[in-house]
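For reference, the structure discussed in these notes is given below.
The values are calculated or read from the model by the stated rules, or taken from the named source; none is laboratory data. Values in this document were obtained by computation on a predicted structure and should not be read as measured data. Reconstructed Cβ throughout: ideal geometry from the backbone, glycine too, with neighbour counts over all protein chains shown.
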Amino acid sequence: MFPIPLQRDFSLRQLNTFGIDARAQAYLPVAGVDTLRAVRDSKELAGWPRLVLGGGSNLLLTRDFPGLVLHMRSSGIEIVDEDEDYFYVRAAAGENWHRFVQWTLQQGLGGLENLSLIPGSVGAAPIQNIGAYGIEIKDRFHQLTAFDFVSGEVLTLDKAASRFGYRDSVFKHELRDRAVVLDVTFALPKSWRPNVNYADVAQALNDAGITAPTPQQIADAVIAIRSRKLPDPAQIGNAGSFFKNPIVSAQQRDALTQQHPTLVSYRQDDGSYKLAAGWLIDQCGWKGKSLGAAGVYPKQALVLVNLGGASGADVAGLAHAIQSDVQARFGVLLEPEPVFI
């Protein structure tokens, strides 16, 4: 017997941070691996299209979903081990990311503070290799477990197997539409050092007169910065940064700098350069502008917002217009961060 009844013709409006009013053919909350096994073994459901949802913060619903939405609702956080260098903390996929970061800080554990207030769930964090203010998931990642819908087995993936890249992982390639993250274990350093390389964070701490910040003080600074710059999805529908910062060759960056001396770029370890997508969009005049019910946030050009009643197609149309303008002016194609459904 199926452990949890399906809900049919289910509204997803409250399950995506854009607040798009799309519907799913069926919906099922997932508390653990047994539910996923039951879906795989079900004659009715095994062949259905599946959409796995966590916090719905990296998603753009452009239509109703003609299949089964699996909503990760698992919970639990614990320190599972330690060695000379690290505390190992495991969190269930359904845990809210920001609440998890706050939990680690309450235990006196540093390492994730720069990733405070990022929307979404723990299970989604490694898929996107989320990052902010000088830290990415890969920098604190130890391993994860995931359910494989093809084999029916639970996989354990370490950092190498996860193949992290810039907003990228194996879950966007070989394991896409195949594996569902169950839990994630992080290695948090015992010899913690503050990461205040980003100017905004350093300035906030300096303004507060803090010269030797604690993890909590860095978290507080990051929370204040993000709250000031980015809209709260509970108030204005959005998915945070909508576009990735494009990576270009040194040659292309130098050519762009000659044409645009104020170009904002950051040198990468391999000699390439990361361009500030928000700057590119702002230069094309899109900050604060809108197309119908979809708009660009006035305080941050990298954020697209639902001004009220926008459809996924409205947001996608705005994104396409921005991409076209940026490519025409700078010869750079912006790649969206959210997954389009």
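Return the residues of region 130-165 that are within 16 Å of L53 (Cα to Cα) and in contact (Cβ under 8 Å) with a residue 40 or more places away in the chain; say none if nothing qualifies.
F147, F149
Do you know which residues across region 171-183 are crowded, with 19+ Cβ neighbours inside 10 Å and in contact with a helix residue (DSSP H, G or I) (Cβ under 8 Å, 6 or more places away or on another chain)?
F171, A179, V180, V181, L182
Say whether the condition of being touching a residue at least 60 places away in the same chain (Cβ under 8 Å), surrounded by 23 or more Cβ atoms within 10 Å (Cβ to Cβ) and in contact with a helix residue (DSSP H, G or I) (Cβ under 7 Å, 6 or more places away or on another chain) is met by at least one residue in region 71-79.
No: zero hits.
Taking the condition of being surrounded by 18 or more Cβ atoms within 10 Å (Cβ to Cβ) and within 17 Å of F100 (Cα to Cα), how many residues in region 139-162 meet it?
5
For R163, which of the numbered conditions (1) in contact with a His (Cβ under 8 Å, 6 or more places away or on another chain); (2) closer than 16 Å to A31 by Cα fails to hold?
Answer for R163: the failing condition is (2).
Of the residues G47, G94, which single one is outside any helix (DSSP H, G or I) and either touching a Phe, Trp or Tyr at 6+ places or on another chain (Cβ under 8 Å) or under 17 Å from P119 (Cβ atoms) (or both)?
G94
Of the residues F18, F10, which single one is in a loop (DSSP other than H, G, I, E, B) and under 30 Å from D232 (Cβ atoms)?
Numbers: F10 fails: in a loop (DSSP other than H, G, I, E, B).
Going through F18, F10 in turn, the sole match is F18.
Being among the small types (G, A, S) and closer than 30 Å to L188 by Cβ is true for just one of S42, S74. Which residue is that?
Numbers: S42 fails: closer than 30 Å to L188 by Cβ.
Of the residues listed, the single one that is among the small types (G, A, S) and closer than 30 Å to L188 by Cβ is S74.
For region 273-290, name all the residues that are small (G, A, S) and not in a helix (DSSP H, G or I).
Answer for region 273-290, where residues must be small (G, A, S) and not in a helix (DSSP H, G or I): A276, G285, G288, S290.
Which count do you get for residues in region 41-62 that are crowded, with 16+ Cβ neighbours inside 10 Å, out of contact with any helix residue (DSSP H, G or I) (no Cβ under 8 Å at 6 or more places or on another chain) and of a type outside the set (S, T, N, Q)?
Final tally of qualifying residues: 4.
Scan region 174-200 and report the pairs whose first residue is touching a residue at least 24 places away in the same chain (Cβ under 8 Å) and whose second residue is β-branched (V, I, T) and part of a loop (DSSP other than H, G, I, E, B), with Cβ atoms within less than 8 Å and a gap of 6+ or a chain change.
R178/V150; D183/V122; V184/V122
Which residue, of R226, R253, is outside the structural domain of G120 (by TED's automatic domain parsing), part of a helix (DSSP H, G or I) and within 21 Å of A125 (Cα to Cα)? Steps first, answer last, please.
On the way: R253 fails: within 21 Å of A125 (Cα to Cα).
When all the criteria are applied, what remains is R226.
Please go through region 184-216 and give me each residue that is under 20 Å from R90 (Cβ atoms), over 16 Å from the mean Cα position of the chain (by Cα) and crowded, with 17+ Cβ neighbours inside 10 Å, ordered by number.
T185, F186, A187, L188, P215 - these are the residues of region 184-216 that are under 20 Å from R90 (Cβ atoms), over 16 Å from the mean Cα position of the chain (by Cα) and crowded, with 17+ Cβ neighbours inside 10 Å.
Is it the case that region 32-48 has a residue that's in contact (Cβ under 8 Å) with a residue 60 or more places away in the chain, among the small types (G, A, S) and not assigned by TED's automatic domain parsing to the domain that holds P336?
yes
Evaluate region 307-318: report whether one residue or more is under 21 Å from the mean Cα position of the chain (by Cα), surrounded by fewer than 20 Cβ atoms within 10 Å (Cβ to Cβ) and more than 22 Å from D64 (Cα to Cα).
No, region 307-318 contains no residue that is under 21 Å from the mean Cα position of the chain (by Cα), surrounded by fewer than 20 Cβ atoms within 10 Å (Cβ to Cβ) and more than 22 Å from D64 (Cα to Cα).
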